[in-house]
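Data first, discussion second: the structure below is written as structure tokens.
The values are calculated or read from the model by the stated rules, or taken from the named source; none is laboratory data. All figures in this text were calculated on a predicted structure; none of them were measured in a lab. Positions of Cβ are generated from backbone atoms using ideal geometry, with glycine treated the same way; all protein chains shown enter the neighbour counts. The protein model used for the area step is the full one, side chains on, heavy atoms only, and it has no ligands, DNA or RNA in it. Shrake-Rupley method; radii C 1.70, N 1.55, O 1.52, S 1.80 Å.
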Amino acid sequence: MHSTPQAPSHSPSDATLRFTSEQRLDDGVLEREFTLGETPGDTGIPGILWTPAAAPSLSPAPLILLGVPPLGLRRMHPRLVARAQQAAADGFASATIELPGSGDRPHWPALDQARADLRRALEAGEPVSDEIIDGLTLPLVDKAVPEWQSALDALLTLPEIGGPVAYSGGLISIGVRLAVVEPRIVAATFFAGSFVPRATFEEARRLTVPLHVLLQWDDEGNDRQAALDLFDAFGSEEKSLHANMGGHKGVPQFAGDVAAQFFTRHLTRDLTRDPSQEPGQEPSQVLSQDLT
């Protein structure tokens, strides 16, 4: 049984970050692969760090943590690079790590079984039970969030990386937990997803950082009402839900541009200001549905 965390319990990690390769992308962005927490007999957690080609106007650079689905960094690499290049163009560094049981990391039998249970329910046309959702999601959240915090500890020791820090994308249950328990995160963007445990709804009520949530209105794998209910549960005073017509892979380019503007606003401004009081700002809770 997985309980909702009541308070940040993370202590600074002494996990070592070791760079294993580097390359310059076409636009000059520096991409470096690394391992975190490597020890004899343990290859550690794979990750990737991207930093702007030139010294950013804000130096050291703010950092965006790029969440990923459990598909493996190799498979996700092209999309991650596109997100990292957008961040770098805005003066931000970005980083990601491999999720437990994914990519080159050791198989996780319990997680493999949970995925098999999900496939079996979907193929049979049966409702996906809370038990399946919890087994698929909560152990992954419990393990991945402390790893993200350890990665953040290590990344913030690098001279070219500084704060503030934001989180973007990936599994929404991981993002919610991380944004709740990690005080160094000042803003987050989420992609609305369907298989969300009830525990995540409880955690969402304790989330207070500014949020930007993207919802594909016709996503065949997404329970639209559950996504709207989760947005309603978020405790943040500043939150916006941007809904676009189309399926899971039909996200328009301008949706990414809007998310980039959100990060620029929250990673570069004076964070002590109340955005609802700034000239030209919309009210703090916004629902924007794009039908084009």
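General observations
- Members of region 13-37 found to be part of a strand (DSSP E or B) and of a type in the set (S, T, N, Q), listed by number: Thr20, Ser21, Gln23, Thr35
- Elements of type helices (runs of 4 or more DSSP H) contained in region 128-226, each with 2 or more residues being open to solvent by 30 Å² or more (accessible area, probe 1.4 Å): 130-155, 198-204
- The condition of being open to solvent by 80 Å² or more (accessible area, probe 1.4 Å), in contact (Cβ under 8 Å) with a residue 12 or more places away in the chain and among the small types (Gly, Ala, Ser) holds for only one of Ser59, Ser94, Ser21, that being Ser59.
- Residue within region 174-197 that is among the basic types (Lys, Arg) and farther than 21 Å from Ala144 by Cα present: no
- Cβ separations smaller than 7 Å between residues 6+ apart or across chains give the following pairs from region 120-143 residues that are under 18 Å from Asp223 (Cβ atoms) to residues that are of a type in the set (Phe, Trp, Tyr): Val128/Phe195; Ile133/Phe195; Leu136/Phe195; Thr137/Phe195.
- Selected residue [free of Cβ contacts under 8 Å to residues at least 24 places away in the same chain, open to solvent by less than 60 Å² (accessible area, probe 1.4 Å) and either part of a helix (DSSP H, G or I) or under 25 Å from Leu65 (Cβ atoms) (or both)] from Arg105, Arg115: Arg115
- The single condition from (1) more than 23 Å from Asp142 (Cβ to Cβ); (2) within 17 Å of the chain's Cα centre (by Cα); (3) free of Cβ contacts under 8 Å to residues at least 40 places away in the same chain that His212 fails is (3).
- Ala88 being touching a residue at least 60 places away in the same chain (Cβ under 8 Å), among the small types (Gly, Ala, Ser), surrounded by 12 or more Cβ atoms within 10 Å (Cβ to Cβ) and under 24 Å from Gly28 (Cβ atoms): yes
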